[in-house]
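In what follows, a structure is listed as C-alpha cells, so that the remarks can point back to it.
The values are calculated or read from the model by the stated rules, or taken from the named source; none is laboratory data. Quick caveat, the model's predicted, so the values are computed rather than measured. Don't worry about glycine lacking a Cβ; one is built from the backbone with ideal geometry, like all the others, and counts go over all protein chains shown.
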Amino acid sequence: MLTKLRIENFKGWKDTGIIKMAPITLFFGPNSSGKSSIGQFLMMLKQTVESADRKAVLYPGGKNSAVQLGSYQQMVFQRNTQSKIAFDYEWELSRTLRIKNPKGRSYSGNAVSFDAEIGLADKDAFLKWVHNYQWGFPYEDHVVINKEGDSYSEFPNTKDLSQFDPADKKFVAVAKTHPAKPPILQATDCKWLGWKNALEKEGIIVNFLCPDYVALHYEEKRGV
C-alpha cells in the first residue's frame, strides 16, 4: 500500500510536501488547486510501468491512455523546461521482503522507498559539440548540399518520398551525398518509420534508437 508521496515541479505543484496516504485518501480543495494533478501523476507512473517501451523514462499517455499529459514542457511546473520533475514515495509491503547481496549479507523489511528526478538534457549540447569539433572531422567527411526551394538537389526525387517532411530533407541529402552512405540515426520521431522502406530503395538506412517507442506511436498515429 502507498503510504507516503511527494511530488515537485509537476503541473501546478512546485512542491506538494510530504503527503501521508491511507487505504482511502481524499483530497479536498477549491477548483484548479491541483487535486487532479496528484492522481494524474500516479496514473502516469502506472502507464509507464505498463508501457511496451521499456526505454521510456515517463509515458505521459497516448490516444487510448487513461491520462494524456502531453510533452515535458506541458507537464513541468510553470512550463519551465530548466526545472526537473522530482518525486518520492514509500510503499508498505504485504509481507516481509528478504534480500541477500552478493557478499552474503541479508536484509529484510516491510517497506520500500523510491525517489527520482527527471529533466531534459541540454538542448544545445549537440550544436555546441558540432561547433567545437567541426574542424576535427577528416576533410573527406565534409559534404556540400544545395538548397532548392524547400528541398535539396541531392534529395531523392521519387513518388514515394514526395510527401517527405521538408525540415528533415537535409539529413537525407547529406546521407545520400556522402560516399560512405552513413545511416541516419533517429530517436523518437515516429514518422520516419513510414519513410524507412522508400529510403532503403535509395540506399539510405535509418536506424532507430528507440524502436519499440517509435513502432508504438507510429501505430497510434495511424489509428491501428
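Taking residue 170, is it outside any strand (DSSP E or B), surrounded by fewer than 18 Cβ atoms within 10 Å (Cβ to Cβ) and at positive phi? Considered against the rule, which asks whether it is outside any strand (DSSP E or B), surrounded by fewer than 18 Cβ atoms within 10 Å (Cβ to Cβ) and at positive phi, residue 170 comes out as no. Look at residue 62 and say whether it is on the phi > 0 side of the Ramachandran plot and under 16 Å from the mean Cα position of the chain (by Cα). The answer is no for residue 62.
Which residues, counting only those in region 99-147, are within 30 Å of residue 9 (Cα to Cα), modelled with pLDDT of 80 or more and in a loop (DSSP other than H, G, I, E, B)?
Step one: list which residues in region 99-147 are within 30 Å of residue 9 (Cα to Cα), which gives 110-129.
Next cut, modelled with pLDDT of 80 or more only: 110-120.
Result: 119, 120.
Applying a threshold of 6 Å to beta carbon distances and a minimum spacing of six or more residues, or different chains, the list of pairs starting in region 39-62 at a residue that is over 19 Å from residue 215 (Cβ atoms) and ending at one that is in a helix (DSSP H, G or I) and of a type in the set (D, E, K, R) is empty. Scanning region 20-66 for residues that are in a helix (DSSP H, G or I), aliphatic (A, V, I, L, M) and modelled with pLDDT under 90 gives a single hit, 49. Against the conditions (1) of a type outside the set (Phe, Trp, Tyr); (2) at pLDDT 95 or above; (3) part of a loop (DSSP other than H, G, I, E, B), residue 69 satisfies every one except (2).
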